[in-house]
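As C-alpha cells, the structure follows; a few thoughts come after it.
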Amino acid sequence: MATEEIPVAKGGIASLWAEPVISKYNLKCSNLPILNLNNPYSINFHLSWLAFLVAFLSWFAFPPLMPEAIAEDLHLSPAQIANSNVIALLATLGVRLVIGPLVDRFGPRKVMAWLLVIGAIPSGLAGTAQNANHLYAIRFFIGILGGTFVPCQAWTTCFFDKNVVGTANALVGGWGNAGGGVTFVVMIALFNRLREDGLSASASWRASFAIVPVPILLTVAVMCFVFGTDHPAGKWSQRHNTLGTKIAVTRGHEMILDHDEETQGSGDLEKVDEKDMEKKADDAAIVTVVPGDTENEITSELDIAVNEKLTTKAAIAILTNPLTWLPALAYLTTFGFELAIDAGLANVIFALYKKDGMGQTNAGYLASVFGLLNIFTRPFGGYLGDVVYKRYGAPGKKYLTLFCGFTQGAVALALGLYVQKKVESGETPSLAVFMVLIVLIAIFNEMGNGANFSLVPHCNPYSNGMMTGIVGAFGNLGGIFFALIFRFQPSPQGKPWWICGIIIMNVHLFLIPYRTST
C-alpha cells in the first residue's frame, strides 16, 4: 500500500460511516466510523458501551423499586435504604482498583466479559433477599459490575487515537452510564406489568431481577468473547508488535513484556517497520492509513504508548505522579456525585412530593432523566475535549474538566439553598424549578465526566488500565462520600445539596495549579 495514494479521512457526519483511518505507528483509528460495522474498531466500540450499559441493569436495579416495593417488603427504614446505597458502591471501589492492572495484563475484552459473567451470579440471587442484611450482601456483590467501567474506557483507548479518544471514551461512557436511566424505566415498567398480571408486589420485584439482568448480562458476555478483539495488532499478547513500540524503545523506554511474549524475544521489535504496519492494515480489511514518513510526527506519548503489566517500579511512578491525582480528584466530585444522585434521587423526589400524590412510579421516571441525559451530555463533554485539544493541547482538556465540575457544584449549591428555604418556610419546592436545576446539574456533571476521560489517556499512557482503574475508583469513592452526606443529612432537606456543592467547587479550585502533559 502506497501512503501517497491513500485518501484522507472524511470529516463531519460522513466520517461516521466512512472507512477507518489508522495510524501506522500504533494502529489506532483516527476517526469514528461507528456506523460502519465492517471493521474491528466499530465492533469493539459498540461492545464496550453495550457491556457497560447492561451492567447498570443489575448494578442500579434496586433504586427504582426501593421507595415502596422493596422497602415495604423488607421493612426497611430510610437509614437502611441509605446504607444499602453506600454498600452498593463499596465493592465497586475495590474492584476498580484491582481491575486496572488486570486490564493492562489480560486486555479489556476478556476482563469485561468475565466481569459480566461473575456479576450475573449475585444478580440472580437478588430475589432471595428477606431482610436488610441480605440486601446489603447482595448489593455488595452486585457492585462488582460497577468495575466494568474500567475495561469500557480502556477498550476504546486501545482502538482510537489521541485526536478522537476523548469523543470515543465519552460516547461509550455516556451511553453506558445512560443505563442508569434505562434501568429506572425498564425495572418500573416490568414491575408494573407483573403487578397487572396478578403477581404480588413482593413476587413482582423479585421476578424482575431474574427476567431482566441475568440473561442480558450473560448474552452480552458471550458477544464480547465471540465478536470482540483484544487490540488493533491482534491478540493482547501481540500488542507490542507496532512501529510505535519500536520507537518508544529507541527513545529509551524500558518495555515490559508479558510472560507469553518473552519467548518471542525483544529482537522482534527490529522487524517492525512501516511496511509491516501497512500489511497489518490490509489483513484487517482497513483501507486507509494515516500517511507519514518520520518520527517527527510523534507529538505525544499516546502515539507510541502500549499497555504494560504492572510492576512495583511502575506502580510507584504512577502513585507519585501528580497527573494521576488531577483527573482522579476531579472524577471523585463529578462521577461520585452522579452515583449518589442516581442511587438516591428517586427517594428525594418521593419524599419531597409524596404529600402531593407523587408515587414510586412517577418518582422513578423523573429520576431517570438524570441518567438518560448521559446519552448526549457525556459524549458532548468528550467531543469538546477533543476540540480544545487541537488548539490548547492537554491543558485545554484540564480546564474544560474543571469548569464543568465547578459549575456543577455551583448549581448544586443553588438547588440546596432553594429547597432548604422552601422547606423551612413550610412550602413545597416547585417541581418544575427542582427538575430544571437537576437537569443543569446533570448537564455539567456529565460533560465534566466526558471531558475528564478525554484527559485520562494522556496521564500515565503506558499503564492506561491502572490509570483508568484509579480514576474510576475515585469516582466510586466520591459516590460513597456523597451518599454518606445524603445519609446523615436526609431529604427533604436542602442541606445535603449545598454541602456537596461547596465541597465540589473547592476541590476544582484546588486542582487549577496542577500541570498536564501533552
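The values are calculated or read from the model by the stated rules, or taken from the named source; none is laboratory data. Owing to the predicted nature of the structure, the values given are computational and were not obtained by experimental measurement. When we count neighbours, we look across all protein chains shown, and the Cβ atoms used for this are built from the backbone with ideal geometry, even at glycine. Surface areas here come from the heavy atoms of the whole protein model, side chains and all, with no ligands, DNA or RNA. Shrake-Rupley method; radii C 1.70, N 1.55, O 1.52, S 1.80 Å.
Summary of computed values
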quantity	calculated
Debye, to nearest 20: dipole size of the chain, +1 on Lys, Arg Cβ, -1 on Asp, Glu Cβ	1280 debye
Helix axis angle, 132-142 relative to the chain longest principal axis, alpha carbon, degrees	20 degrees
With Cα atoms, 0 to 90° folded angle of helix 78-106 axis to the chain main axis	10 degrees
Of all accessible heavy-atom area on region 304-416, the percent that carbon and sulfur account for (1.4 Å)	70 percent
Exposure of K246 as accessible area (Å², to 10), given a probe of 1.4 Å and all protein chains	50 Å²
Carbon + sulfur, % of accessible area of region 50-98 - ligands and nucleic acids excluded, 1.4 Å	66 percent
Other-chain or far-sequence residues with amide H under 5 Å of F160's (modelled H)	C29
For the chain, with +1 on Lys and Arg beta carbons and -1 on Asp and Glu, the positive-most of T377, S300, Y41 along the dipole	T377
Distance between modelled label sites at E196 and I502, nm, 7 Å Cα→Cβ extension	4.8 nm
Principal-axis tilt of helix 464-488 within the chain, Cα atoms, nearest 10 degrees	10 degrees
For peptides 378-385, 32-39, 346-353, sequence by mean Cβ density within 10 Å, most packed first	378-385, 346-353, 32-39
Charge dipole of the chain about the Cα centre (unit charges at C-beta), most positive-ward option of T242, L194, L116	L194
Label corresponding to Cα extents along the principal axes in Å when calculated from the structure given, among [x] 113, 56, 51; [y] 73, 47, 46; [z] 81, 61, 45	[y]
Förster radius 60 Å - calculated FRET efficiency between I316 and M435, Cβ distance, rounded to 0.05	0.80
Charged-residue dipole, Cβ positions (Lys, Arg, Asp, Glu), region 360-518 about Cα centre, Debye nearest 20	320 debye
Protection proxy ranking of 308-320, 65-77 - average other beta-carbon atoms within 10 Å, highest first	65-77, 308-320
Relative contact order of the chain, pairs being alpha-carbon contacts under 8 Å that are 6 or more residues apart, as %	25 percent
Kirkwood Rh (inverse of mean 1/r, distinct Cα pairs), region 361-486, angstrom	16.1 Å
Region 398-459, accessible area per residue, ligands and nucleic acids excluded (1.4 Å, Å²)	33 Å²
Where labels lie 7 Å past Cα in the beta-carbon direction, separation of V98 and N362 in nm	4.4 nm
Computed lengthening from F227 to H134, 0.36 nm per intervening residue step minus Cα-Cα distance	29.8 nm
